[in-house]
Amino acid sequence: MKISVIGAGYVGLTTAACLAQIGHQVFCSESDNDKLEKLKNGIMPIFEPQLEAIMNDARSKGQLVFGGTEEGIAWGKAIFICVGTPPLPNGDADLSAIEGVARAIAKRASGYRLIVEKSTVPVQTGAQLRKHLGIHQSNALEYDVASNPEFLREGSAVGDFLHPDRIVVGVESERAANLLREIYAPVTEQSFECPIHKDCSNRKRPRLLVTDTNSAELIKHASNSFLAMKISFINMVANLCEVVGADVTQVAEGMGLDPRIGGSFLNPGIGFGGFCFPKDVQAFIRIAQKSGCDFSLLKEVEKINQERIGHFMQRLREELWVVRGKKIAVLGLAFKPNTDDVRFAPSIPLINALIGEGAAVSAYDPEAMEKAKADLPDIKYCADPYTACEGADAILLVTEWEEFRQMDWSRVKSTVEQPLVLDGRNLLKAEAMSQLGFRYVSVGRPSVSPGRDAALSVVASKKEVSVLR
Ligand SMILES: NC(=O)c1ccc[n+]([C@@H]2O[C@H](COP(=O)([O-])OP(=O)(O)OC[C@H]3O[C@@H](n4cnc5c(N)ncnc54)[C@H](O)[C@@H]3O)[C@@H](O)[C@H]2O)c1
């Protein structure tokens, strides 16, 4: 099918490349000229594992073309809107990019089009789209509006798109439902040539759930808010563990064995970030508020998350006594590993707090340093983690990149001013760090000191079976 994807960001690029990979003819539009030029020249504007290879493959086969928004609107029978929906100062989602695309479609498209919202939008956005397409339409446009929320995770976006847990389509007509079933048939049947796995024959086929548009929109916001709630919940349990001397890793493991709870998203840390959870929780609170429902549960989720940085800073103060004048190494800037995305990353408020208290920050991230420079211009960016740690009074682990787990920590120890690690992601093994001579502070687990028999205070847990998780 001829498909247009509007917006070549983390979601749009993945959607465009994967729809081309499963056999569609895809036109991907981007309004940012620099980004568009890069894409036309085969240069990736973002880092996302596996995406570059399938994008280039699709381009070389003529399955994927990049261009402007107007050309995109003219191309596809189905038009996937993948533009950003950032938060406004009051927490509402900013829908101006969505509205702009809808108006352009109404004015320029003709014949039948299936307009699919893939961006994360508040409930009833589909209804608004239908209404405003009707107001602005010309050229005998006939259309359906559908909601197809995206559940991919940055860092594993390609795999998530091609092997999803579920595909949700919110529609108001059988025609729209059938078109979306046709578009996703290679995924629901798992019949495409998989670019990342050798053998997908035993993979479970994902269910395509058809709902009304309002429900599909709510599924996305409710899902992200629920996951954020799990993170804030375990973060509060971690705080409690720190006070009473329990180990949150063991608590989470014990909780997660109950299938009603499940083990995922029970990893405590310095809080959630990225372009989804923080803004989606905020938007969901606002949606509820405007509908007369007081979703104060989610306000607590947000509050707990915002307090994570202050809590981590307090632990640093307890270790260093005085932060002013200290050299702090920050390992990890991206909001999670395997992405270069720093939007709403905890590293940003954390580093701003460090600078605010008079520390000098040297940082390293395998992929996110270029993007971080806009938000954090006043820190030293290092070519590798060892350089970042040289002479440090404290090393803060902020993103759980595999590279940090695999580091030669004894080499690090020999170059630091003070052997102190604060692990904001519980990435490392406490016992091993203690034996190497570090004071090691993690989240919701007993701290260990050099030489102390850490095994007595830190019982091996799921994450500590080996240095590798
Ligand atoms: N990033 C994620 O992990 C993720 C996951 C699921 C859902 N989402 C949702 O998907 C949406 C997009 O997120 P993203 O991370 O890809 O954002 P992004 O900012 O990376 O990408 C959006 C792109 O759309 C472009 N754009 C804006 N207006 C345009 C127009 N009129 N024509 C063509 N291009 C236009 C922007 O220049 C930008 O490149 C958001 O609503 C987000 O909440 C994101």
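Take the conditions farther than 25 Å from L129 by Cβ and among the aromatic types (F, W, Y) and apply them to F151. Does it pass?
Working: farther than 25 Å from L129 by Cβ: no; among the aromatic types (F, W, Y): yes.
No: the conditions fail for F151.
Residue-level check: of (1) within 12 Å of the ligand (Cβ to nearest atom); (2) without any contact (Cβ under 8 Å) to a residue 60 or more places away in the chain; (3) among the hydroxyl-bearing types (S, T, Y); (4) within 17 Å of C28 (Cβ to Cβ), S60 misses just (1).
Residues checked against (1) surrounded by fewer than 19 Cβ atoms within 10 Å (Cβ to Cβ); (2) modelled with pLDDT of 95 or more; (3) closer than 18 Å to F284 by Cβ:
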| residue | (1), (2), (3) |
| --- | --- |
| E99 | yes, yes, no |
| K107 | yes, no, no |
| L114 | no, yes, no |
| G126 | no, yes, yes |
| L133 | no, no, no |
| S138 | yes, no, no |
| L141 | no, no, no |
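Does E193 meet the test of being out of contact with any Leu (no Cβ under 9 Å at 6 or more places or on another chain), at pLDDT below 95 and under 23 Å from V11 (Cα atoms)? Answer is yes for this residue.
Taking the residues in region 259-310 that are among the small types (G, A, S) and open to solvent by 60 Å² or more (accessible area, probe 1.4 Å) as candidates, determine which candidate is nearest to F344 (Cα to Cα). By that ranking, first place goes to S264.
Looking at (1) open to solvent by less than 10 Å² (accessible area, probe 1.4 Å); (2) in contact with a strand residue (DSSP E or B) (Cβ under 6 Å, 6 or more places away or on another chain), which is the only condition T339 fails? All conditions are met except number (2). Going through region 342-363 one residue at a time, which ones are buried (at least 23 other Cβ atoms within 10 Å of the Cβ) and within 21 Å of D280 (Cα to Cα)? Hits for region 342-363 are V342, A345, P346, S347. Restricting attention to region 81-104, the residues being more than 7 Å from the ligand (Cβ to nearest atom) and touching a residue at least 60 places away in the same chain (Cβ under 8 Å) number 7. Residues in region 265-274 that are within 16 Å of the ligand (Cβ to nearest atom) and in contact with a helix residue (DSSP H, G or I) (Cβ under 7 Å, 6 or more places away or on another chain): 2 in all. If you take the residues of region 38-57 that are without any contact (Cβ under 8 Å) to a residue 24 or more places away in the chain and not in a loop (DSSP other than H, G, I, E, B), which of them is nearest to the ligand (Cβ to nearest atom)? Here the residue is K38. Among the residues of region 204-226, are any over 30 Å from I22 (Cα atoms) and among the polar types (S, T, N, Q)? Yes: region 204-226 contains one or more residues that are over 30 Å from I22 (Cα atoms) and among the polar types (S, T, N, Q). Could you list, in sequence order, all residues of region 63-74 that are open to solvent by 50 Å² or more (accessible area, probe 1.4 Å) and either over 20 Å from K35 (Cα atoms) or near the ligand (Cβ under 10 Å from one of its atoms) (or both)? Within region 63-74, E70, A74 meet the criteria.
What strands (runs of 3 or more DSSP E) completely inside region 78-170 contain at least 1 residues that are more than 28 Å from P186 (Cα to Cα)? Walk me through it before giving the result.
On the way: elements: 78-81, 111-117, 141-147, 166-170.
So the answer is 141-147.
Filter region 242-274 down to the residues that are under 30 Å from V342 (Cβ atoms) and assigned to a helix (DSSP H, G or I) and list them by number.
Taking region 242-274 first, the residues under 30 Å from V342 (Cβ atoms) are 242, 248-249, 252, 256, 262-274.
Those that are under 30 Å from V342 (Cβ atoms) and assigned to a helix (DSSP H, G or I): E242, V248, T249, A252, G256.
Suppose we filter region 8-38 for residues that are open to solvent by less than 10 Å² (accessible area, probe 1.4 Å) and of a type outside the set (S, T, N, Q); how many remain?
As a first pass, look at region 8-38 and keep what is open to solvent by less than 10 Å² (accessible area, probe 1.4 Å): 8, 12-20, 26, 28-29.
Okay, now just the ones that are also of a type outside the set (S, T, N, Q), so 8, 12-13, 16-20, 26, 28.
Matching residues across region 8-38 total 10.
Applying the criterion of being more than 26 Å from G310 (Cβ to Cβ), out of contact with any Leu (no Cβ under 6 Å at 6 or more places or on another chain) and not in a loop (DSSP other than H, G, I, E, B) to the residues of region 378-427, the residue that is most open to solvent (accessible area, probe 1.4 Å) is R411.
The values are calculated or read from the model by the stated rules, or taken from the named source; none is laboratory data. The model shown is predicted, which means the values in this text are computed figures rather than measured ones. Quick reminder, even Gly has a Cβ in these numbers, built from the backbone with ideal geometry, and neighbours come from all protein chains shown. Protein only, heavy atoms only, side chains kept; ligands, DNA and RNA dropped before computing areas. Shrake-Rupley method; radii C 1.70, N 1.55, O 1.52, S 1.80 Å.
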